[in-house]
Every structure is written in C-alpha cells, then in structure tokens.
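Shown next, in structure tokens, is the structure this report addresses.
The values are calculated or read from the model by the stated rules, or taken from the named source; none is laboratory data. These numbers come from a predicted model, not from an experiment. FYI the Cβ positions are ideal-geometry reconstructions off the backbone, even for glycines, and counts take in every protein chain you see. The accessibility values were calculated without ligands, DNA or RNA, using every heavy atom of the protein model including side chains. Shrake-Rupley method; radii C 1.70, N 1.55, O 1.52, S 1.80 Å.
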Amino acid sequence: MPVHVERNGPVWTVVLDRPSVRNAVDRSTAAALASAFREFDAAPEASVAVLWGAGGTFCAGADLHALDNLLDPDLSADAPMGPSRLTLSKPVIAAVEGYAVAGGLELALLCDLRIASETAVFGVFCRRWGVPLIDGGTVRLPRLIGQSRALDMILTGRPVDAEEALAFGLANRVVVAGQACKQAVALAQQIAAFPQACVTSDRRSLFEQWSLPMPEALRNEARLGDASLESDGRAGAARFVEGRKSEPRA
C-alpha cells in the first residue's frame with residue numbers, strides 16, 4: 001500500500017510508502033493520504049499525527065509521470081497531493097528525512113511542526129519543470145517564514161538544508177540522521193499527554209486569528225478559552241491548588 005497508518009494510542013503515524021519513486025504522489029496515493037488524515041481527525045482516540053516518508057525520503061512531490069491524472073479543475077475536491085486543503089482540528093508533525101521538495105514541501109507545510117534530520121533538504125524543485133505550487137505552498141510558506149525568505153525559495157527553487165531551515169523557522173528541530181520519525185513520535189506523545197481540549201482550543205485560536213481583525217481575534221480567543229476552561233481548566237486548577245503534579249490525559 002502506498003500509505004499506511006500505525007496507531008499507537010493517541011499518536012498515529014501516517015507513512016507515505018513509495019520509496020521506489022522517492023515517495024512521489026500519484027492520484028491513488030493522494031486519495032489515500034487524504035483518507036488517512038480524515039480518519040485521524042474524526043477518531044476520538046487520536047490526538048496527534050506524525051507524517052513520515054519511508055525509505056529515507058520524506059516526499060519528492062507529485063509523480064510527474066502521472067501529472068495529467070493529478071490535475072483537477074474542481075477546486076472543491078482534494079488537492080493534488082491529497083490532504084493539503086483540509087482544515088484539521090488536531091496537530092500534525094512532519095518527520096523529514098531526505099528530500100521534502102515541491103509538493104513534498106507543501107505536505108510538510110500542512111503540518112504544525114517539522115522535525116528534520118541532518119539529511120533533510122527543502123525546496124521548490126518544481127520550479128525547474130514549470131510546475132506551480134498548488135497545494136498551499138504560496139500561502140503557508142510566507143505565513144511560516146515571512147515573505148522575503150519565502151520568495152527566495154519560491155523564485156530560485158534552490159535547496160535549503162536542515163540548518164538553514166532551522167534558522168528560517170521552517171524546521172522546528174534538527175536531529176541526527178535516521179532519528180526524525182522517532183523524535184517526532186516522542187514529541188507527539190508529549191503533546192498528546194496534555195489535556196486535549198486546551199491544546200486544540202489554543203491551536204484553533206492561533207489559526208483563526210489570521211483572518212480576523214485584532215478585536216475579533218481576541219474575542220474569539222476568549223470564547224474558545226472559556227469552553228476549554230470548563231472542560232479542562234477547572235480540573236487542572238484544582239490539581240494545582242491541591243499541590244498535585246499535572247496529570248496526563250487518561
């Protein structure tokens with residue numbers, strides 16, 4: 001199967017497994033990725049996902065041998081890479097070994113955090129073949145690293161290694177080669193151990209504030225925060241008052 005899911009309690013690892021083509025994505029793979037993330041987002045027992053590419057490459061982008069099959073004029077449909085147009089309600093962490101380029105970069109940008117190994121290379125390599133960014137790259141990249149750095153990557157198509165990606169804020173952590181997935185899963189387990197209503201509420205407020213004027217964004221934060229306080233905060237405050245340590249979610 002080009003995509004499979006490893007479930008470990010609240011942490012699900014979505015594995016892109018087409019190593020013979022450096023995990024390039026064709027239509028069936030895109031559909032499988034979108035399906036996996038929809039299942040993760042709907043599963044009450046799942047809290048954090050890790051996206052990982054098997055075989056030493058995160059993702060080389062769209063499978064250009066199947067480019068005609070990826071193009072779809074229906075903008076309400078899934079994106080060519082699969083889940084790129086989904087609005088997920090839970091955190092996702094990319095575990096990047098090797099190349100995360102073209103559409104693979106866009107899949108990494110879909111994720112909330114990126115754990116990059118020393119081997120990681122990010123880039124808009126599709127620039128070389130006249131293939132545009134249509135899976136969120138021109139939207140998410142400048143929001144993540146700023147317009148100037150995003151233009152540097154988008155206009156030149158040059159490779160960005162792990163250390164430069166870390167300096168850009170494109171990578172959140174750099175780890176030794178071969179450890180990206182292990183470290184991403186460990187981070188996912190740490191996040192999954194927190195009370196989840198608070199995690200998802202704060203995350204949602206952060207994303208929604210981009211489209212709101214400041215007063216509305218602050219009201220939205222308060223509205224979401226009030227609901228989180230009722231579901232998680234009161235019990236957590238009681239533990240604090242009683243002198244107990246924070247407790248992972250049951």
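Rounded if a/c is under 1.5, else prolate if a/b beats b/c, else oblate: with a ≥ b ≥ c from the C-alpha gyration tensor eigenvalues square-rooted, which is the range 167-207? Oblate shape, in that a/c is at least 1.5 and b/c is the bigger or equal ratio.
Where the centroid of each part is defined by its Cα atoms, how far is the range 10-51 from the range 160-189 in Å? So the separation of the two Cα centres works out to 19 Å. Of the residues THR29, ALA46, LEU133, the one whose Cα sits farthest toward the positive end of the charge dipole of the chain, with +1 on the Cβ of Lys and Arg and -1 on the Cβ of Asp and Glu, is ALA46.
Given a 1.4 Å probe and every protein chain left where it sits, what share in percent of the accessible area of the chain is carbon and sulfur?
Working: 7210 of 12600 Å².
Here carbon and sulfur together make up 57 percent of the probe-accessible area.
Solvent-free Debye calculation, one equal scatterer per alpha-carbon of the range 107-239: log10 I(q)/I(0) at 0.09, 0.11, 0.14 Å⁻¹ equals -0.37, -0.54, -0.81. Hey, in the GNM for the chain with a 10 angstrom Cα cutoff, which one of GLY136, GLY98, GLY146 fluctuates hardest? Fluctuation is largest for GLY146. Within the range 160-229, none of the GluC sites (Glu not before Pro) combine a DSSP coil assignment with at most 14 other C-beta atoms in a 10 angstrom radius. Across the chain, C-alpha contacts under 8 Å between residues 6 or more apart give a mean separation that, scaled by the residue count, equals a relative contact order of 16 percent.
Computed with a 1.4 Å probe over protein heavy atoms only, the accessible surface of the chain comes to 50 Å² per residue. Using the Stokes-Einstein relation with a Kirkwood hydrodynamic radius computed over Cα pairs, the translational diffusion coefficient of the chain at 37 °C and a viscosity of 0.692 mPa s comes to 174 µm²/s.
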